[in-house]
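S.K.: Got a structure for you, questions after.
The values are calculated or read from the model by the stated rules, or taken from the named source; none is laboratory data. Just so we're clear, the structure is a prediction, and the values are computed from it rather than from any experiment. Virtual Cβ from ideal backbone geometry, glycine too; neighbours counted across all protein chains shown.
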Amino acid sequence: MDKENPKIAISTTTRADFGLLSTLGNALQSHTKLNYSFWVSGAHLEPEFGLTLSEIESSGLKIGPRFSTWSKESNSLMLAKTIEQVDRHIRTVERPDAMIVLGDRFETLGVALASHLNLVPIIHLHGGEVSEGAFDEECRHAITKLSCRHYCASDLSRRRILQMGESPDAVLNVGALGIENTLKSSDSNHTEVLKKLGLPPEQRFILCTLHPDSRNPKSSSENFCILKEALDQFPDHGVIWTYPNTDQGYEPILLSLQELQQHEGKDGNRYLIRKSLGLSLYNQTLRHADVCVGNSSSGLIEASALQTPCVNIGDRQLGREHGSPMLNTPFQTDSIVKAISEAIRLKMDSNTLYRHPFGMGDTSKRIAEDLELCFERGDFFNRNGKSFQLLEVMK
């Protein structure tokens, strides 16, 4: 390991994790002793999902290898391709001194496994969280056990990681990068955001994202129809609907959105379908929306910081820590309509209180400073001290 100029790889596999990790990349860029680059894979390279590699290229951040790991056949095959390509690159081209991974995606687990088996230390962000309704739950906890340093987003997440046997000195509550992004993102007034989105002046709108239920991917078509029927009950609102992620079950949602886009082109464009808004415009859109609807984690974390109520539908985010106000509802049309109506009322009420447990917005600075100290000490990757005798931390 080069303590003077360590090479840090940052894995990004989706538009969602790059939106968060770009803030960390900017922080690392200001620390000249930390030589970072983004290792790009997954949906970033796929035109079907907006070819979001272009967003990374336009960011001005350093880009390392690019891995074509996409597979329509199965998530398992995509995981295998990720392991194979990252493993080969580490062994034959470039060995980083550490690998930064974020969250709980199965593609991210592939990067972590390839790194672990090549003795590349793993730094994990957003561990210790819960999403019982998605198979991301098990992926997240597996990545935690492969990692040697943990930057979590809340005190509750830290306590969960300690319960898993990780050394207390290696687990830091630094807050959520998404909160920092909301504070740093440039704001535009409502009219400017509408113009960027292609909506009429003074139009009120709903921001919507529907991901597949990874534990029941066959429910995608039914869930889409239920949500669309509920949204149709708000004809005075435009709907900005972004693409789903790549979990099994995404194709019926994608096809339904494409059909909706073709139909709405003849019907006033009330539904505007976007593959990706990009980080800055997404945060501006979320800030000015009357409500954030669907099952995206941004509704649970960033929405409250941007003072927009969230309607969280279904079980995908079950058990996940979140900001407030948030209204939970099953996939039932009447229930969703009722929740959206209440969320719109809360948005219009100047007395609505918005709270979240995800830090003060200095996450990237804290991570960069800690990484620099860890490399200087040289004891960063000492895995001693792991123990399963820490159950009392949950008391």
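S.K.: Given the condition of a type in the set (Ser, Thr, Tyr) and touching a residue at least 60 places away in the same chain (Cβ under 8 Å), answer yes or no: does some residue in region 91-103 qualify?
M.R.: No, region 91-103 contains no residue that is of a type in the set (Ser, Thr, Tyr) and touching a residue at least 60 places away in the same chain (Cβ under 8 Å).
S.K.: Hey, Ser335 hits all of (1) among the hydroxyl-bearing types (Ser, Thr, Tyr); (2) part of a helix (DSSP H, G or I); (3) touching a helix residue (DSSP H, G or I) at 6+ places or on another chain (Cβ under 8 Å); (4) farther than 26 Å from Ser154 by Cα but one; which does it fall short on?
M.R.: Every condition holds for Ser335 apart from (3).
S.K.: Check whether at least one residue in region 21-30 is more than 27 Å from Leu254 (Cα to Cα), in contact with a His (Cβ under 9 Å, 6 or more places away or on another chain) and at pLDDT 95 or above, and report yes or no.
M.R.: No, region 21-30 contains no residue that is more than 27 Å from Leu254 (Cα to Cα), in contact with a His (Cβ under 9 Å, 6 or more places away or on another chain) and at pLDDT 95 or above.
S.K.: Here's another thing I want to ask about it. Quick check on my filter: what residues within region 172-202 are assigned to a loop (DSSP other than H, G, I, E, B) and over 12 Å from Thr285 (Cβ atoms)?
M.R.: Within region 172-202, Val174, Gly175, Ala176, Ser186, Asn189, Pro200, Pro201, Glu202 qualify.
S.K.: What is the residue count in region 140-159 for residues that are without any contact (Cβ under 8 Å) to a residue 60 or more places away in the chain, crowded, with 21+ Cβ neighbours inside 10 Å and either part of a helix (DSSP H, G or I) or small (Gly, Ala, Ser) (or both)?
M.R.: 5
S.K.: Where residues in region 278-289 are more than 9 Å from Ser185 (Cα to Cα) and under 14 Å from the mean Cα position of the chain (by Cα), which of them is modelled with the highest pLDDT?
M.R.: Once the filter is applied, the top-ranked residue is Tyr282.
S.K.: For region 209-235, give me each residue that is outside any loop (DSSP other than H, G, I, E, B) and in contact with a Leu (Cβ under 7 Å, 6 or more places away or on another chain).
M.R.: Asn223, Phe224, Leu227
S.K.: Same structure again: Can you name the strands (runs of 3 or more DSSP E) wholly within region 5-81 that have at least 2 residues being within 19 Å of Leu113 (Cα to Cα) and without any contact (Cβ under 8 Å) to a residue 60 or more places away in the chain?
M.R.: The qualifying strands (runs of 3 or more DSSP E) are 35-40, 63-66.
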